[in-house]
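Remarks on the structure that follows.
The values are calculated or read from the model by the stated rules, or taken from the named source; none is laboratory data. Please read these numbers as outputs of a predicted model, since none were measured by experiment. A quick note on method: Cβ atoms are made from the backbone with ideal geometry, for glycine too, and the neighbour counts reach across all protein chains shown. These accessible areas exclude ligands, DNA and RNA; they are computed on the full protein's heavy atoms, side chains included. Shrake-Rupley method; radii C 1.70, N 1.55, O 1.52, S 1.80 Å.
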Amino acid sequence: MSDALLTIRDLRIEGRSDETWMPIIKGVNLDLRRGEVLGLIGESGAGKSTLGLAAMGYTRDGVRISGGSVTFDGIDLVNASADDKRNLLGKRIAYVAQSAAASFNPAHKIIDQHTEGPVQHDVMRRDESELDAVELYRRLRLPTPDEIGFRYPHQVSGGQLQRAMTAMAMSCRPDLIIFDEPTTALDVTTQIEVLSAIRDIVEQFNTAAIYITHDLAVVAQMADRIKVLLRGEEVEEADTRTMLDTPKEDYTRSLWAVRAYERPAKPAILKKDTPVISVSGITASYGTTKVLEDVSFDIHEGRTVAVVGESGSGKSTAARCITGLLPPILGEIKFRGEVLPPNYRKRTRSQLREIQMIYQIADTALNPRKTVGDIIGRPIQFYGGLRGRAKRKRVEELLDQIEMPASEYFDRLPSELSGGQKQRIGIARALAAEPSFIICDEVTSALDQLVAEGILRLLARLQDELSLSYMFITHDLATVRAIADEVVVMKNGRVVEQGAKSEMFRPPHHPYTDLLLASVPEMDPDWLSKLLEERGREDIGDAGMEKMD
Amino acid sequence: MILAYLLIGFLGLLFLGWALRAAGRGLIGSPYFRDMGLSVAFGYMLAVALVALLAWGYWLSRFAPPEIAPRYFFLRIAIEGLVLFALAGWLFRALGRTLGTAGSRKVFRAMPVTAAFGILVILLYAIVAIFAPLLAPYGQDQVLATANVVPGGDPALGGNPDFPLGTDQIGRDILSRLIFGAQNTVGFAFVTTCLAFLLGGTLGFLAAVLGGWLDQLLSRFVDVLMAIPSLIFALLLMAIASAWAGSERWLLTLYMVVIIAVIDSTRVYRLSRAVGQNIVVMDYIEAAKLRGEGLGYLIFKEILPNAYAPLLAEFGLRFCFVFLTIAALSFLGVGIQPPLADWGTMVRDLAAFINYAAFAPQAASPPLLAAGAIALLTVAVNFVVDWMLYSSSGLKE
């Protein structure tokens, strides 16, 4: 193989924890040819990012390469000197991080950061590099490519910033780019723009790429080959099509199967039933900006209403109105037919108890200084007045319900739990109040697919056992398909469309619902190409412009 | 001329650094030397040069002829002190690792020497402060027969074995006054700092949680207080307080504690409000609010445990500042009232002796004893706080 660009042989990487070295990567091989895109998938903790960084000869602090070799175009990266690496990184190997917003320096204009690489590496002069940046911005279909570089990072949207970062990685025309989950933090509609832009530019310059993600459908669009990682070991590797059609290993198959989870439909709602929560005609604003306008929907007992829309559509604001954190200007919220005071401070303790919330990011939803027992025990004591042994017993029951043995987890701190376990503790805390209605705010979007599926199944089971009602805020339509009974689609603070799930996934739709539905990546490797053909290029550029407002 | 010497020294060290790196590359060939920048190599050589210089100074202080040796007396004390303290800290840690319960042994095992030293010093100060009347050979206000006895207890140099650290200008035993000073200065500073934290911390968190007009009101009030130069403000208030206190001296000391606590609580308020605001936006605070929790629970059970680290760091620093403010006020005559011994006052009273430093170091040391007592405690507190910060931030990972 004369055109091999990157060769990794039996790579072993260790990370230090509590004075001992624990293996992170346990002997992985990897081959990448020029112009080839390799998809790297696996759950968090599988070592995807560590492997991606090691492909640049770099390890994070407290992590070391303990064996094996990384060869980039004949250069041994493991033993290369700091000077040699400095000449390679940024020039011949570039890196695109997950959060462009966190990776750009907010104090400098985008183009100043863009031109730094080429100028430092003596690839271009500053003025040449600026012209080149504009050209790259144009190719990445950024709106107003002549001006956008002269803005500061906070002045452009997340999707645009991610493309600007890709342009920056391209600035020296590298042979290899590592993409570390570049679209994970973006909305589905934005994700498409970024994906197609990345794919085109990688093709145009014949750049090789390692594309790290946990989203199978995304990797299916981007990669020529896919490698599946599990706990630092390779599960299998094959061409994208082969991998999607005939996965060999059970683990890969289980990843594929996650997307198929769907709850059986429930019988239709009887008209005479009083809904558990009834939102009628609420309008709310932050200061003078209106964020919700005339929003109405009902949530019935034992049912799940999914509220969908991209960020900024008012989904979470609606939840804040229901909980009373943001009293609406107009309209009212009823709980079992009884009007709730708009401000949570005016609500009685039992009204507060009935409405509970589960948050998107379990890390910030659990007090890092409290043990699991304290976190779950507090609502029990606060609402139920249980103390001592009775409280402990109830906590243990709840831990049982979320499938986490009390003997093991009772005294743990949140930092000693995995992401999925933290989310389960969040669920247990909500259950501890014995509510009849729970708001789930993007509860699965920060989790891996397998873990997310576990959470969804748990929520579904709890709903059946306790006849809970859920308001399920999400931007992921696969989640909607899995768990919802009814769907409310929101855009710019208004309800665009609502109805039973079975109706929603069947045409005709409101054009926005259509756009949302069509933007959800499918497992078909040709999906993105087909979609782009249908929509036409101009359209996507416009969508980018619109987001700026 | 001096510039030329500096330049030669700099270039020489740079060359030595380069040589070190070249030698390291040639002989050992480890990646560490390969990737070493010239500036790092220069830093190593600079450190070596400084250590050599100190060693030479120490040698002079011990073996040089008597007309030169006294110049290096304080250097000798500093080096010997440093070695002694490091040794004491190390021994203390070794002791902690072998004695005590399994839990305490684990704490000591993960402890750096600096923290062990800090804990040892704080413990010693606490013991001295508590048992001062038993430990001190004389009373703090007891005027003895001989004034201006030189420390060291060596009659040849004007000392007296009865007064190992000498006596001051009016013949009070300096050792006894230092011991009582621990009680007065450290005790008052500690109480004042605690009071400042109680006040500033509570109000700061309250402002962070409630926001709105209360936050505005408190913050603007604090801004006004902070706008006035703190020492002048304290002086002004002390002047008023002394009028109120009349002849009751203990009352004046109480006023001093309250006044310094209020002035310093503005800084604590600022910090705890800023820290609190970062914590208040967390979802677990929102969850607690929606549960219907009261303010007290929010502040003391949800926010405070997450604010320990920055508050502790501030406590160490604030304690030292309070200490110095008390010393400054005492210096100006409105702080801790004579005849109570106070380190700040002692430094001021004995300051004149420093003029003898060049030729009779023993005679010059009395003001430095009190200053050293302040410095040692300050350093010890900060060592301990640093370690606590480090271990508490490690918990988060």
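Some notes on this structure:
- Scoring A:208-221, B:47-60 by mean Cβ neighbours within 10 Å over their residues and listing the highest first yields A:208-221, B:47-60.
- Dipole check for chain B: with +1 at the C-beta of Lys and Arg, -1 at the C-beta of Asp and Glu, and the Cα centre as origin, the magnitude is about 1000 Debye.
- Chain A - share of DSSP beta bridges that are antiparallel (%, nearest 5): 55 percent
- Estimated FRET transfer efficiency (A:Ser350, A:Glu249; beta-carbon r; R0 41 Å; 0.05): 0.20
- Listed residues A:Ser469, A:Asn343, A:Phe410: farthest to the positive end of the dipole of the protein assembly as shown (Cβ charges): A:Phe410
- Ordering A:Pro379, A:Leu528, B:Ile122 by the projection of their Cα atoms onto the charge dipole of the protein assembly as shown, which places +1 on the Cβ of Lys and Arg and -1 on the Cβ of Asp and Glu, puts B:Ile122 at the extreme positive end.
- Cβ-placed point charges (K, R +1; D, E -1), dipole of the protein assembly as shown about Cα centre in debye, nearest 20: 2680 debye
- Rounded to the nearest 5, the antiparallel percentage of DSSP beta bridges internal to the protein assembly as shown is 55%.
- Solvent-accessible area, 1.4 Å probe, carbon plus sulfur percent, for the protein assembly as shown: 60 percent
- 25 °C / 0.890 mPa s Stokes-Einstein diffusion coefficient of chain B, Kirkwood radius on C-alpha pairs, µm²/s: 98 µm²/s
- Computed on chain B, with alpha-carbon pairs under 8 angstrom and 6+ residues apart, the relative contact order is 17 percent.
- Normalised contact order of segment B:174-396, rounded percent, pairs of Cα under 8 Å and 6 or more residues apart: 27 percent
- For segment B:1-63, the Cα-based Rg and Dmax, in that order, read 14.4, 43 Å.
- For segment B:75-158, averaging the sequence separation of C-alpha pairs within contact (under 8 Å, six or more residues apart) and dividing by the residue count gives a relative contact order of 22 percent.
- Shielding of peptide B:287-300 by partners, expressed as the average count of other chain Cβ atoms within 10 Å per residue Cβ, is 5.
- Net charge dipole size for segment A:379-482 [Lys, Arg +1 and Asp, Glu -1 on Cβ; Debye, nearest 20]: 460 debye
- The sum of -39500 (n - 2.57) across all DSSP H runs of n ≥ 4, divided by the residue count of chain B, sets its helix-only mean residue ellipticity at 222 nm to -24500 deg cm²/dmol.
- Fully extending the segment from B:Arg220 to B:Val281, taken as 0.36 nm per residue of separation minus the present Cα-Cα distance, adds 19.7 nm.
- Stokes-Einstein translational diffusion, segment B:174-396 - Kirkwood Rh over all Cα pairs, 1.306 mPa s, 10 °C, in µm²/s: 82 µm²/s
- Semi-axes of the equivalent ellipsoid of the protein assembly as shown are 61, 41, 26 Å, computed as sqrt(5λ) over the eigenvalues of the C-alpha gyration tensor in descending order.
- Using the average count of surrounding beta-carbon atoms within 10 Å as a protection proxy, the listed peptides B:112-123, B:173-184 rank, highest first, as B:173-184, B:112-123.
- Where labels lie 7 Å past Cα in the beta-carbon direction, separation of A:Ala390 and B:Tyr5 in nm: 8.3 nm
- Computed extension gain for A:Asp10 through A:Tyr152, at 0.36 nm per residue and net of the alpha carbon distance, reaches 46.9 nm.
- Counting only DSSP H runs of at least 4 residues, each contributing -39500 (n - 2.57), and dividing by the residue count of chain A, the helix-based mean residue ellipticity at 222 nm comes to -11000 deg cm²/dmol.
- Figure note: A:Glu236, A:Glu301, B:Glu67 ranked by solvent-accessible area, largest first, 1.4 Å probe, ligands and nucleic acids not counted: B:Glu67, A:Glu301, A:Glu236.
- Sorting A:482-492, A:101-111, B:298-308 by average packing, meaning the other beta carbons within 10 Å per residue, from highest down gives A:482-492, B:298-308, A:101-111.
- Backbone phi angles across segment A:44-51, fed through the Karplus curve with coefficients 6.51, -1.76 and 1.60 (θ = phi - 60°), yield HN-Hα couplings of 5, x, 7, x, 4, 5, 4, 5 Hz in residue order; Gly and Pro are listed as x.
- Most positive-pole-ward Cα, B:Phe42, A:Ser519, B:Val262, against dipole of the protein assembly as shown from beta carbon charges: B:Val262
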